[in-house]
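The values are calculated or read from the model by the stated rules, or taken from the named source; none is laboratory data. Given the structure is predicted, the values throughout are model-derived calculations rather than measurements. Reconstructed Cβ throughout: ideal geometry from the backbone, glycine too, with neighbour counts over all protein chains shown. Protein only, heavy atoms only, side chains kept; ligands, DNA and RNA dropped before computing areas. Shrake-Rupley method; radii C 1.70, N 1.55, O 1.52, S 1.80 Å.
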Amino acid sequence: MMASIARTAALPLLLLLAALVPFSNNDFYVALGVSLLMYATLATAWGVFAGPTKYISLATAAFFGVGAYTVGLFYEKIPMLLLYPLAAIIGAVLAAFVGLTTLRIQGMYFTIFTFGLAELIRQFMTWYQRNVSGSVGVYILTDISARQIYWSLLVLLALTLLGSWLLSRSRWGLALLMIGEDELAARHSGVRTTAVKVIALAVTSAVIAVVGAIVAPRWTYLDPNIAFNPTLSFMRAVIALLGGMQRFWGPLAGAIPLVILFDQLNARYPTSYTLILGLLFMVIVFVLPDGILGLLPKLQRLRAPAAPAVTPAPGAGTLSEPVTPAAPARQASPGVDGTSGVVTTAPATGTTLLAVRDLRKTFGGIVAVDGLSFEIREGEVFGIIGPNGSGKTTVLNLISGVYEPDRGEIVFLGRPITGKPPEEIARLGIARTFQLVRIYPALTCLDHVIPAALFGGHARTLMEARDHAVHILEELGMGAFLHVPAGQLNFIDQKRLELARALALRPKLLLLDEWLAGLNPSEMVIGMELIESLRGRGMTIVLIEHLMQAVRRLCDRCIVMSFGQKIAEGVPEDVLRDPEVVRVYLGEADDA
Amino acid sequence: MASLLDALVTGLVYGGVYALLALGLTLQYGVARILNLAYGDFLIAAAVFATLLYQHYQLSPLVSLVLVAPISFLVHLLVYHLVFVQLERRSGSWRAMEASSILLAFGLSFVVSGAMLAIFGGKLFSYSYLLVPVHILGSVVPANRLLAFVLALVFGGIAYLLLVRTRIGTAIRAIAVDPDGAPLAGIDVRRWAGITFAFGGIICAAGGVLISMFQTFNVPMGVSFTLKALVVVIMGGVGNAVGALVAGLILGVTESFVARYVSPGLTLAAVYGLFVLAVLTMRTGILGRALR
Amino acid sequence: MLEIRELTVHYGLHEALHEVSIAVAPGEIVVVLGANGAGKSTLLKATMGMVRPTRGHVTLDGLDLTSLIRRRLTHQIVEQGLVLVPERGGTFTDLTVQENLTLGAFPRRARAREAELRAFALELFPRLKERLHQRVGTMSGGEQRMVAVARALLSAPRFLLLDEPTLGLAPVLAKQLLRVLPQIAAEGIGILLVEQNAQLSLSVAQRGAVLSNGHLVHAASAAELRDDPAVRAAYLGSE
Amino acid sequence: MRVSRRHFLVTAAAFGASALLAACGGGEATPTPAPQATPTTAPAGQQPAASPTQGAAPAASPTVVSTQPTKTLRFGCAVSLSGPLAAGADVTIVASYKLWQRDVNEAGGFQLSDGRYMIDIIWADDQSNPEECIRQTQRLITQEKVDFLIPPYSTGINHAVAPIYHQNGYPQAAVATWVTAEDAQRFPYFFSFLGNPDVYAVDGIVGLLKYLNEQGKIGKRIAMPYVDAEFALDFVKPLRPALKDAGFDVVYDQGYPQDVSDLQSVVTEIMRLEPDAVVGITYPNDTMLYVPPMKVLGFNPPVLFLANGPNYYFFYGTYGDDAEGVMGLGGIDVRNQQIVDLYKRFAEFNGQEADRWGGHVYYMVGQVIQQAFERVGKVDRKAIGEEIKNGTFDTVMGPVKLTNNVFLGHWLIGQWQRQPDGKLEYVAIMPRDRAAAEPLVPKPNWKS
């Protein structure tokens, strides 16, 4: 507790101390401070977006340059104080535009792309300015002093840090983290990823533009090479990375020592500076692969309480003590708990919940799903089985919005949902799990479930979502793991966690993609009982399975697919006796 | 019509430099899985080498080309084993080291350019060689540029044939697909990835020597060569030798056409515009990711 | 004879494998059962030198592989005739079936028998014959698994290690795949199989072992294991 | 751990690529543009001319490094040792002042009123970045407490540090920048020894073309390609109307980007237009890109002027005899033995030949500084600034005196011409009254 108070107080104290620097009456310290603050602010703003999402943008220079040029072009016509918001707006608008066009590209491609984009903007600006004004350089002659710039940057840094801190505790922060860990899973939790990313990028770019606007008067003269200097994009990335990008303190921890180090190296060895820097850099990579803050793993994330030591989870099947499935989940009787998010309508009313008509999807010539139609009734467990590659998972992806069908229609609750994005479909009440578990090893169980509760559109506040998430996890027998990072769970519990995340959306329809696969027989018993208990509460479930015992036990009806087409439909016992099904799928007598 | 053909031919020939630049990097990045950010700096080192030999000993750069190829091969092999393999040893797997390897390559870039900077400072290097007109299809281009173009085709062809037609080439492609799984097929990843990296180094050095024949350069320009190469590599598809060739030539033609028919001021804007467009529409590059 | 003796593996402080000893004779199929996280994959990886064991020895027909393992020289272990098909992997997805098979014969000792082994593999998996020029990444999960096993066969293994080959496969394919194993064993190749599907795998194996929390807690003939009530409860399901 | 590493990869990749950007964005060396507006940068309430240093010690005595007879004057220079501007800074500022330092020290240093002072120069790298230069300059002033500063390279960076020089009372005797009347008013001791672009454009370029046209050596068709950089645009602005006023017909008037990698398309187009003179307003990098396509296409205009580039010796080094007849800015008077000796010393000392436009200018500025110091007799920077502003100095270029903080007595245009020893030299051909030779027009044909 003390430590946490100390940490909370440390930052304002640091900032306060920093504010006193200009009174030292040493211009060099002010100059050093300006560099420091500039890089710290840029790195922090960059880290807010890049840290959680892992989208590494090299377009910093473009936004910075835009901010600087805003001042350069308008400082004689518009009061300085208005220029900062103006720069912010221009930066944000540009970033939003960039975001909308580019954020679907990921990884290295995004990075190189943003670089190309920044270069494109620079080239185009140069050409345009030359044609319009006949020159490319601008003089900025104001009476803003270095101290004023210092203080402005300090305020901006404080605001940026505050924003970053608030963000990390808000639903937006959670959403960004999820996007970085697994964008698709985030969408299936109802996160409007595009909007979140674009807004986050716009806001951080606005900060960068304001940094440009603040610093520009200091340079007196601007030309595209100065304003759009790519070193800037690179420097702040280095600083954030060396500091430890995913941590709140990372950018600061990077900026302070590095700027001072660069300065000292430069002062001492101006001609061999680059060489020494390179060697030093290689050593740092070998010695500190996780950044400066990697030295302090305990500071990892301010937000999350320290994870308890790994306790072997109950339910791990050991021979000596054969597992009895954890009880609480199954014993919670339907509808007893009014606050429970789980839908509690009566089972199998027979009305159609989801209808799929004449669905077709091809991938570059390969027909994955062809002319598929079926209906799912409310309250039933519906199985989709078939050989590998017969198109089962594609069907699930079509229903949940990952793919758009080439032809056909999907109707949910009487409304067509064909072509809607995953996050919209999730919000409408269709939740899913994934064939290969998609969890975020570094996040706690609670962090997995809260966003789904939030973004599914059911919880209004973080507290409400938290309560809901705790409730669901407890229901599934995971109350002991609320703060355990998911990576430390054993397999069955990871599966349960995925289920909890799906349930937090309060779905009307639950899609389980080989949810039981990879479980050993005793774990499977737990799993099947869990599914049964959900059905007991009236949840409608679509099940893709290879395990015939599960299909027999759980499914009310099922279809069998082969090469994208439906070859049988009916209750499991009948379907599994169908000679065609035996031939293409089961092979001989089913003894599995 | 004649001027259209002329724009095409000169564009293609001048695009040969882009292609040559990108070929070595695409092998190093796509196949050996090392995003060698020191690429441009090694290229400059080779260019400086050729320039000094030419200026002080009147040694033909064509001879330098033959000299510098094995040297560059050895240097790259050494760098690979002394730097990147050590990192892999510590990280435990090739996939895990990829991140750190980029940081390391970045440091290496500083070391290489820093060492040259300490010796030569920022001074410009320039000489002129093989500045002889060659007539092709009614267009005239300098022989040195044509040589770069031909060399790009030759190296691209060799890389393609080696990678696609030989067992070792197939093994190298397997390393590109799954470096951690390749040992299970009995492939010595360190050895073959190292050799591929060093082969990329030969192309890099050849590019440096050729560029020195017609372009003024200095040590700090290394990074811009790395970047240009990277743009072409991404456009052509990472690890795709033929893609790099095609993308390089397309960029050359684009520059030539924009300069002639739109405005010379927009040539680079057009190049980056094309790049941005290509990445947006074809996320895996012109010819796709795979090494075919 | 493949002999694994007292193999111990640590991931950080966590002990993933504790003094596990298993031997496989030529032509024999041995199955290792165990829950997720019991250390089954770790056992195979450590044997191949893909993770560095803390203690233990591996010998192959009397030849001590331990120093190769400790230096993580997997490719040289393959060269000695020990070949692993990893879980959900073992193929190069961007390459064609043909190219994958060619790579199978990359080890020098396998080249002499390449044609013979290729014919044998294609005989076992006739489906691959029609798809030699298809990219493996575009094939179904079952076919990919066939390619992986075929590729491993082309490496001329003396001992074959299989990590959950039936994971995620339709019943018909799982059966097909496992029933191929005795044919492979008949060629004198010893097989160490790690499986989740106890019933099916015990039906093709001669001997079995059970791993739990990194400890080898049971080792017996396949028939005995099938009848063991504890094993039945934990791994065979209650039906 | 596993995942964080995987993501780290992306991060690292990105970061790495960004690293590349470090140097690439900059473009070329920028020796110049002219300022326009004028509010003062000094904080309100502070007298423009009064500087903290001066206020405290108007006659601060020079730093005495040791009690031995040799005393030292510490000069500071934050300049682009790396980054895109390094190419220009290296051969001019760095090389020239190192030579100057050696010459001065060998001759016994500065003779001030209390004895002789050796010169020490403390170098710092601004990485071609104005922010870095501001900080390094401030470090030189407050931490190193240098006695005098040598200004940086390029217009942008010189203007970025001008307020710092001014506030701390250091005169800024710059070369690689223009200084306008407004600049001179705001920063009384901000000097440019390079001249000003109007003079080069109107008296130099247009003057030469008129001279040649009057002699009937060329017609009126002019092609004017230029590089999209402020330096070039500063020339183009006065040049365009001046050419028109003089009756010339500008048949080609197009810009191209700074980091262009070939100009064959541009040259092809210009060749088609058959101009009498090609007047390229260029930087060194693109200057080098004109000769290959011209040679290959067999295009040999009567006048080939390429602004900033032919003045570098490597132009001759690269193209050899093909350089004959190519014109550019600057030029030297080969009849002036002092200058010829200087260039010889420069080559011996630095292992490379000096720039034929700025080489002697930087050295001349060094001489001006020495004489100003010696006349004042102590480190009184205000007095030294005053002396540089108003005094007349005896230098390798003859008597030097500033007009409105700018030195205008330059040779404006040079041309590579064959000398009696058979080698080519870049001789001054403009202005006519101080020229060392007649222009060689039409330009000789490309060799081979």
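Heavy-atom accessible area of A:Thr351 with all protein chains present, probe 1.4 Å, nearest 10 Å²? Approximately 70 Å² for this residue. A straight line joining the Cα centroids of the range A:153-206 and the range B:45-107 runs 41 Å. Here the range C:57-155 is assigned +1 on the Cβ of each Lys and Arg and -1 on the Cβ of each Asp and Glu. Its dipole about the Cα centre then comes out at about 160 debye. Estimate the FRET efficiency between D:Thr403 and B:Val150 by the formula 1/(1 + (r/R0)^6), using the beta-carbon distance for r and 51 Å for R0, to the nearest 0.05. FRET efficiency, D:Thr403 to B:Val150: 0.35. Candidates A:His483, A:Asn26, A:Ile56 compared by Cα position along the dipole of the protein assembly as shown: farthest toward the positive end lies A:His483, with charges placed on Cβ. Axis of helix B:267-281 versus longest Cα principal axis of chain B: the two differ by about 40°, to the nearest ten degrees.
Computed with a 1.4 angstrom probe on protein heavy atoms, the D-A interface buries about 5400 square angstrom of accessible area in total. Sorting the Cα pairs of the range C:92-156 by distance into bins of 10 Å, from 0 upward, gives 26, 58, 16, 0 percent per bin.
Calculate how steeply helix B:2-26 sits against the longest principal axis of the alpha-carbon atoms of chain B, using the helix alpha-carbon long axis, and give the answer as 0 to 90 degrees to the nearest 10. For helix B:2-26, the angle is close to 20 degrees.
For the range A:26-228, the Kirkwood hydrodynamic radius from C-alpha pairs, put into Stokes-Einstein at 20 °C and a viscosity of 1.002 mPa s, yields a diffusion coefficient of 123 µm² per second.
Accessible surface for the range B:90-244, divided over its residues, is 24 Å² per residue with a 1.4 Å probe. Separation of the range A:521-564 and the range C:5-29, taken as the distance between their Cα centroids, equals 36 angstrom.
Using the Cα centre of the protein assembly as shown as origin and beta-carbon charges of +1 (Lys, Arg) and -1 (Asp, Glu), tell me which of A:Thr362, B:Ser109, A:Val155 is placed farthest towards the positive end of the dipole. Of the listed residues, the answer is A:Thr362.
Of all aspartates and glutamates in the structure, the ones whose alpha carbon falls short of 16 Å from that of D:Lys389, not counting any fewer than 8 places away in one chain, are D:Glu182, D:Asp183, D:Glu374, D:Asp380. Find, to one decimal place in angstroms, the Kirkwood hydrodynamic radius of the range B:1-159, where the mean of 1/r is taken over every pair of different Cα atoms and then inverted. 17.8 Å is the Kirkwood radius here. Percent antiparallel among DSSP beta bridges with both residues in the range C:145-239, to the nearest 5? Around 55 percent of the beta bridges assigned by DSSP in the range C:145-239 are antiparallel ones.
Charge tally around C:Ala105: other residues with Cβ under 14 Å, Lys/Arg +1 each, Asp/Glu -1 each, net +3.
These residues, A:Ser152, C:Ser203, go from largest to smallest accessible area, 1.4 Å probe, as C:Ser203, A:Ser152. Given in Å, the Rg to one decimal and the Dmax to the nearest whole number for the Cα atoms of the range D:282-377 are 16.4, 61.
Distance from the Cα centroid of the range D:190-229 to that of the range B:235-271 is 35 Å (rounded to whole angstrom). Computed over protein heavy atoms with a 1.4 angstrom probe, the accessible surface ordering of C:Arg108, C:Arg5, largest first, is C:Arg108, C:Arg5. Normalised by residue count, the range A:1-131 yields a Cα convex hull volume of 172 Å³ per residue.
Between the residues C:Val85, D:Asn405, B:Thr26, the greatest Cα displacement towards the positive end of the dipole of the protein assembly as shown, with unit charges on the Cβ of Lys, Arg, Asp and Glu, is found for C:Val85. These residues, A:Phe382, A:Phe74, B:Phe199, go from largest to smallest accessible area, 1.4 Å probe, as A:Phe74, B:Phe199, A:Phe382. The fraction of accessible area contributed by carbon and sulfur in the protein assembly as shown is 59 percent, rounded to a whole number (1.4 Å probe; ligands and nucleic acids excluded). Suppose R0 equals 41 Å. What FRET efficiency, 1/(1 + (r/R0)^6) with r the Cβ-Cβ distance, do A:Val93 and D:Lys447 give to the nearest 0.05? Calculated value: 0.15.
Rolling a 1.4 Å probe across all protein chains gives C:Glu6 an accessible area of roughly 110 Å². Residues of the range A:382-396 that bury at least 40 Å² of accessible area when the other protein chains are present, relative to the chain alone (probe 1.4 Å, heavy atoms, ligands and nucleic acids excluded): A:Asn388. Note on B:Lys123: lysines with a C-alpha under 18 Å away, same-chain residues under 8 apart excluded, are D:Lys98.
Compared with the dominant Cα axis of chain B, that is its longest principal axis, helix B:167-177 is turned about 80°. If you wrap the tightest convex hull around every Cα atom of the range C:17-77 and split its volume per residue, you get 92 Å³. Under a model in which nothing but the beta-carbon of Lys, Arg (+1) and Asp, Glu (-1) is charged, chain C shows a dipole of about 600 debye around its Cα centre. For A:Trp249, the accessible surface of its heavy atoms amounts to roughly 40 Å² (probe 1.4 Å, protein chains only, rounded to the nearest 10). Over all directions, the projected convex hull of the C-alpha atoms in the range C:1-153 averages 9.6 nm² in area. Each listed q (0.30 Å⁻¹) maps to a log10 I(q)/I(0) for the range A:215-273 from the Debye sum over equal C-alpha point scatterers, namely -1.02.
Under a model in which nothing but the beta-carbon of Lys, Arg (+1) and Asp, Glu (-1) is charged, the protein assembly as shown shows a dipole of about 620 debye around its Cα centre.
Per the Debye formula on identical point scatterers at the alpha carbon atoms of chain B, with no solvent, log10 I(q)/I(0) at q = 0.07, 0.10, 0.13, 0.14 Å⁻¹ is -0.25, -0.52, -0.88, -1.02. Evaluated at q = 0.05, 0.08 Å⁻¹, a Debye calculation over the C-alpha positions of the protein assembly as shown (equal weights, vacuum) places log10 I(q)/I(0) at -0.47, -1.06.
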